[in-house]
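Worksheet for the structure shown next.
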Amino acid sequence: ILMLAFINFSSIIGLVYTFNELKYEPVIIFPIIFAVINSVFLFREYGRKSFGTSYSVFTGITASLITIAVALQFKTHLITSVWAIEATLLLFIWKKTGHTIFKTFFYILFPLVLIAQIITWTEYLHTEKMGIIFNPVFLTSFVTVVSAIINLYLLKNNGKEMQNKTNSFFEDLITLASYGIIYATLLFEITYHISGM
């Protein structure tokens, strides 16, 4: 399952990056193709009336790929958007399967999402005359915010499943960082446009 998720997302990152470098359009064709392929497997599981792990995984991957396609259409930053969505997907799959390896990879990927988001915010310092809300920095941040909100929801419903204090500590840090992302996203966007007036 982990390999399936990583193959989907790493392939998309590579193909979209190549298309962007060569200035080819439309880049959203790749996540859409991958979403269609995964939805075929999803409907196969649905046809069998099998709503177990495979159904949940294909549902999560298909929804994630469609979300990435929408994000790329609005010219968001590729790595930040894909990592944010993939982190949420890993947490979702962990909730559905109970395998802690997905949660471990979520713990590894979430700090990378934070770093990528901070790098994305630095564009406010170097770019002039970006549109209000409909600019690549805010739209990327919006994808990260939606991802963070879903993460908070999934972790909140994890209260009964807490196993030890280490997990609780990591989840508290992730919760704090998620609220920080939401606050900083709004703050930086407002500050950027006010300072330009």
Over the chain, the sum of -39500 (n - 2.57) across DSSP H runs of at least four, divided by residue number and rounded to 500 deg cm²/dmol, gives at 222 nm -28000 deg cm²/dmol
Need one word for region 19-109: rounded, prolate or oblate. Basis is the Cα gyration tensor (sqrt eigenvalues a ≥ b ≥ c); a/c below 1.5 gives rounded, then a/b vs b/c decides. oblate
Table column - 3J(HN,Hα) (Hz), region 88-98, Karplus curve with 6.51, -1.76, 1.60, x for Gly and Pro: 5, 4, 4, 5, 4, 5, 4, 4, 7, 9, x
Rounded if a/c under 1.5, otherwise prolate or oblate - region 105-151, Cα gyration tensor axes: oblate
Per residue solvent-accessible surface (Å²) - the chain, probe of 1.4 Å: 56
Residue by residue through region 138-151, what is 3J(HN,Hα) from phi via Karplus (6.51 cos²θ - 1.76 cosθ + 1.60, θ = phi - 60°)? Round to whole Hz and write x for glycine and proline. 5, 5, 5, 4, 5, 4, 5, 5, 4, 4, 5, 5, 5, 4
If each residue of separation counts as 0.36 nm, what is the full-extension length gain between Leu173 and Leu2 once their alpha-carbon separation is subtracted? 59.2 nm
If you average the sequence gap of Cα pairs under 8 Å that are 6 or more apart and divide by the length of the chain, what percent do you get for the contact order? 19
Mind running the shape call on the chain? Use the C-alpha gyration tensor, a ≥ b ≥ c as the square roots of the eigenvalues: rounded below 1.5 for a/c, prolate if a/b tops b/c, oblate otherwise. oblate
How big is the convex hull of the Cα atoms of region 83-177, per residue, in Å³? 91
Share of region 9-138's accessible area from carbon and sulfur, percent, 1.4 Å? 70
Step through the residues of region 63-78 one at a time and calculate ³J(HN,Hα) from phi using the Karplus curve (6.51 cos²θ - 1.76 cosθ + 1.60, θ = phi - 60°), rounding each to whole Hz and writing x for Gly and Pro. 4, 5, 5, 5, 4, 5, 4, 5, 4, 5, 4, 8, 6, 6, 6, 4
What pairs in Lys95/Lys156; Lys103/Lys156; Lys75/Lys95; Lys75/Lys156; Lys23/Lys75; Lys96/Lys156 have C-alpha atoms more than 20 Å from each other? Lys75/Lys95; Lys75/Lys156
Which value, in debye to the nearest 20, gives the size of the charge dipole of the chain about its Cα centre, when Lys and Arg are +1 and Asp and Glu are -1 at the Cβ? 660
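The values are calculated or read from the model by the stated rules, or taken from the named source; none is laboratory data. Since the structure is predicted, the reported quantities are computational estimates derived from the model, not experimental observations. In this analysis, Cβ positions are derived from the backbone assuming ideal geometry, glycine residues included, and neighbour counts consider all displayed protein chains. Surface accessibility is based on the protein's heavy atoms, side chains included, excluding ligands, DNA and RNA. Shrake-Rupley method; radii C 1.70, N 1.55, O 1.52, S 1.80 Å.
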